[in-house]
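Written below as structure tokens is the structure these notes are about.
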């Protein structure tokens, strides 16, 4: 191949290999750390974490007040920590009059230790471009048709403060245990693109 | 910089490809790319602002066609070359082909000298600035008016932190903007909240 002839782009797997080799050569990483980091991402950064926090907030008014005042301290009460650069965590309280939805227009930031790594669609250009300007339309397209009187609040994660939606507790769950309530809470509901359906309505 | 990454409010995009309960990863290389960038941050090789800015500096054509984890890997590889951990030639030899990297950076800047402090309830206006380096002010709020609804503890100032420039940490304010202010008569009725660094704001006249 001559110097003037453009090389074809290396397959992505080979580009990952190359970066991996550079970091390993500098002692910055070892293979077992890569395995461990992946295990943590897949097994520890899961939406079940946020679901436990939400369920506690639904059943314990004093905890709910503390969580809304300081989300990081509230999460820590249940043993959940944030990465060092996430210095502030804000839980956004949905009410019958207000619906919150989060996004990151500039990249794809989330409170991933609490709600899990972001889904593909959250990182897609379409969601990032549209949700700030066409929130009601986007939510409707995604299956959430909010009554016109509900105020929509979009939160764009442009700094290292992270947001998690505290969804409305669905009707028909009176007397449920925290664990059972937590099983209803999805990643989508903590992003704010879904409300949690009443289990009675779902089974009807 | 007014880069391709700054997507908020751009028109013409498609319906959301909503895939409930899909795994965050779809291939082994994505898991490794994710782990490598996280470990590089933890090892102190790069910081989050450098990483985000390296991704923003990708050519728009590449940025728009690359997946999330390819953008992540490109940002990381760009910084490894810029910081002297490897040459581009060596990186391409290791990869066995071309390795597209991001374009060089413009200079950074330190905090605004005249940045006031704000309180919840204050009316503010975003400075009408066009800064070529890293900035966490989405273009859609430039010169727009809003109200402070929250304050976060101080963070490293991105415009400096992405460029190795000395600066004080500064608070960010959650500023609430009406979509009627951001895109008059051209948006769904809602409020958009943005975490805005103190240096980007002035009191509303």
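None of the figures in this text is laboratory data; all of them are computed from the coordinates on show. Everything numeric here is computed off the predicted structure, so don't read it as measured data. No Cβ is skipped: glycine too gets one built from the backbone with ideal geometry, and neighbour counts run over all protein chains shown.
So what's region A:105-165 giving for Rg/Rh, alpha carbon basis, Kirkwood Rh from the mean inverse pair distance?
0.96
Could you calculate the FRET efficiency of residue B:103 with residue B:42 from 1/(1 + (r/R0)^6), where r is the beta carbon distance between them and R0 is 22 Å, rounded to 0.05? Don't jump to the answer; show the numbers that get you there.
On the way: r = 27 Å, r/R0 = 1.21.
Rounded to the nearest 0.05, the efficiency is 0.25.
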Q: Per residue of A:101-113, count partner chain C-beta atoms within 10 Å of its C-beta, then hand back the mean as an integer.
A: 4
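Relative to the present Cα-Cα distance, how much length would full extension add between residue A:141 and residue A:24 at 0.36 nm per residue of separation?
On the way: separation 117, 0.36 × 117 = 42.12 nm, distance 4.51 nm.
In short, 37.6 nm is gained.
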(Q) Taking beta carbons within 10 Å but only from partner chains, what does the mean come to for residues A:41-52? (A) 1
Q: Can you tell me the 0 to 90 degree angle between the C-alpha axis of helix A:47-59 and the longest principal axis of chain A, rounded to 10?
A: 20 degrees
Q) If r is the Cβ-Cβ distance from residue A:171 to residue A:35 and R0 is 51 Å, what FRET efficiency results, to the nearest 0.05? A) 0.70
Q. Separation of region B:118-167 and region B:11-43 by C-alpha centroid, Å?
A. 27 Å
Q) Across all directions of projection, what mean area in square nanometres is found for the Cα convex hull of region B:9-129? A) 12.2 nm²
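Report the extension gain between residue A:8 and residue A:149 in nm, rounded to one decimal, defined as 0.36 nm multiplied by the number of residues separating them, less their alpha carbon distance.
45.3 nm
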Q. When the Kirkwood hydrodynamic radius is evaluated over all pairs of different C-alpha atoms of region A:5-65, what value in angstrom, to one decimal, is obtained?
A. 15.4 Å
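Viscosity 1.306 mPa s, temperature 10 °C: what is the translational diffusion coefficient of region A:1-129 from Stokes-Einstein with a Kirkwood Rh over Cα pairs, rounded to a whole number of µm²/s?
88 µm²/s
Beyond 33 Å, how much of the Cα-Cα pair distribution for the protein assembly as shown remains, as a whole percent?
On the way: 27618 of 83436 pairs.
Summing the P(r) tail past 33 Å for the protein assembly as shown gives 33 percent.
What whole-number volume per residue, in cubic angstrom, does the convex hull of the C-alpha atoms of region B:123-203 give? If you can, show how the numbers build up before the last one.
Working: hull volume 6.9 nm³, N = 81.
Taking the convex hull of the Cα positions in region B:123-203, it is 85 Å³ per residue.
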Q.
Calculate the FRET efficiency for residue B:120 and residue A:48 from the Cβ-Cβ distance with a Förster distance of 35 Å, rounded to the nearest 0.05.
A. 0.60
Q | 5 Å binning of all Cα-Cα separations within region A:65-196, expressed as whole percents from 0 upward | A | 2, 10, 20, 24, 21, 14, 8, 2, 0
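How large is the convex hull of the Cα atoms of region A:66-122 per residue, expressed in Å³ as a whole number? Can you show the working numbers first?
Values: hull volume 6.3 nm³, N = 57.
Value for region A:66-122: 111 Å³ per residue.
Once you compute Rg and the Kirkwood Rh from C-alpha atoms, what is the Rg to Rh ratio for region B:69-149? Please list the in-between numbers first.
Numbers: Rg = 19.1 Å, Rh = 16.2 Å.
Reported Rg/Rh, Kirkwood definition of Rh: 1.18.
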Q: Taking each pair of different alpha-carbon atoms in chain B once, compute 1/r for the pair, average those values, and report the inverse of that mean as the Kirkwood hydrodynamic radius in Å to one decimal.
A: 18.9 Å
